[in-house]
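The block underneath contains the structure these notes are about, expressed in structure tokens.
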Amino acid sequence: NYIKIWKDLAAQQDGPAMHKLGEVFENRMQYPRAAEWYKKAGNAEKVKQITDPWGTLEQFKIAAAGPGATVDFRFRNASNVKFTARAIDVERLIKDAKEHLKSNPREMRHKRVDVGNIGYSILNGDRANYLGEQVAAWNLKLEPRAEHLDRRIVVTTPLSKGGAYFLEAQVEGGNRTYLIVWITDLAIVKKTLDRKVLYYVTDAKTGVPAANCSLELFGYNVQWRDNWIGRGQRQHIETH
């Protein structure tokens, strides 16, 4: 009975045994008992992780334009959360990615040209460049579960216009969490034909063809060429 053995050791003020008991009860989702043992072991950080208000916005979200776009929110010990949403300047993000490729850099920054990974650019120092004005803010009352257990809810946002948004949730007395939300009003369907490619632009929600649409296509190709001094190869990027 290893729990009894660790308890006997803990009775002798054995810190590692107390910590082990905290881990055991945490793994069993018996969080009040886990917090008690972590406190005895002097691990204040683990106690805070269990008992403090906490929340997280989960999963990358894409929704069709229109009212009712939703996000998943998981939390514990929290009674209130404030949401704010700011528009993302996607056009500028794409423009900067193109300019980076056209400059034929010695080393391509993949995170910069991957527009789908827009969250990385924003969370790693480029917020001032790509975040626009705040477009929505609201508070939500929460009903946490007892004994520090997680609860997951679906939050309906006021976001409805097509575009990308930086959604932030501030848990009262706790942490901040972020999520990129895409609201799509148009969808592009691509189909390969005999020596041709068909692009079909539709309303993202209804599938009705979008009238008078214009498409701008941009491509690049990475080649490796011998260095002019004969030492290895240099990356060369061609854009079209």
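Measuring nothing but how far apart in sequence close Cα pairs (under 8 Å, 6+ apart) lie, relative to its length, the chain scores a relative contact order of 22 percent.
Once the Kirkwood radius over Cα pairs is known for the stretch 9-61, the Stokes-Einstein relation at 4 °C and 1.567 mPa s delivers a diffusion coefficient of 111 µm²/s. For the stretch 131-211, the spread of Cα positions along the three principal axes, ordered from largest to smallest, is 62, 30, 21 Å. Principal-axis analysis of the Cα atoms of the chain puts helix 31-41 at an angle of about 70° to the longest axis. Summing +1 for each Lys or Arg and -1 for each Asp or Glu among the other residues whose beta-carbon sits under 13 angstrom from that of Gln59 gives +1. The residues neighbouring Arg152, those whose beta-carbon lies less than 9 Å from its own, together hold a net charge of -1 under the Lys/Arg +1, Asp/Glu -1 convention. Along its first, second and third principal axes, ordered by size, the chain spans 76, 57, 38 Å in Cα coordinates.
Rounded to the nearest 10 degrees, the angle from helix 15-27 to the longest Cα principal axis of the chain is 60 degrees. In terms of its alpha-carbon gyration tensor, the stretch 51-111 comes out prolate; a/c meets the 1.5 threshold, and the first ratio a/b outweighs b/c.
Taking a straight Cα-Cα cut-off under 26 Å and skipping sequence neighbours fewer than 8 places away in the same chain, the lysines within cross-link reach of Lys7 are Lys20, Lys39, Lys40, Lys46, Lys48. When Trp37, Trp224 are compared by accessible surface with a 1.4 Å probe, the order from highest to lowest is Trp224, Trp37. Computed from backbone phi, the HN-Hα couplings of the stretch 165-172 come to 9, 9, 9, 10, 10, 10, 6, 4 Hz, rounded to whole numbers (Karplus: 6.51 cos²θ - 1.76 cosθ + 1.60, θ = phi - 60°; Gly and Pro given as x).
Within the straight-line cut-off of under 21 Å between alpha carbons, the lysines reachable from Lys141 are Lys82, sequence neighbours fewer than 8 places apart in one chain being disregarded. Every Cα-Cα pair of the stretch 1-108 was included, and the share exceeding 17 Å stands at 71 percent. Residues in the stretch 52-59 carry Karplus couplings, in order, of 6, x, 8, x, 8, 7, 10, 6 Hz; the curve used is 6.51 cos²θ - 1.76 cosθ + 1.60 with θ = phi - 60°, and Gly or Pro positions show x. Put simply, the amide H of Asp185, placed in the peptide plane, has neighbours under 5 Å in Ala65, Gly163, leaving out anything fewer than 5 places away on its chain. Phe218 contributes an accessible area of around 70 Å² to the protein surface, as traced by a 1.4 Å probe with all chains present.
The values are calculated or read from the model by the stated rules, or taken from the named source; none is laboratory data. Quick caveat: nothing in here was measured; it's all calculated off a predicted structure. Neighbour counts are summed over all protein chains in view; Cβ atoms, including those assigned to glycine, are modelled from backbone coordinates with ideal geometry. The protein model used for the area step is the full one, side chains on, heavy atoms only, and it has no ligands, DNA or RNA in it. Shrake-Rupley method; radii C 1.70, N 1.55, O 1.52, S 1.80 Å.
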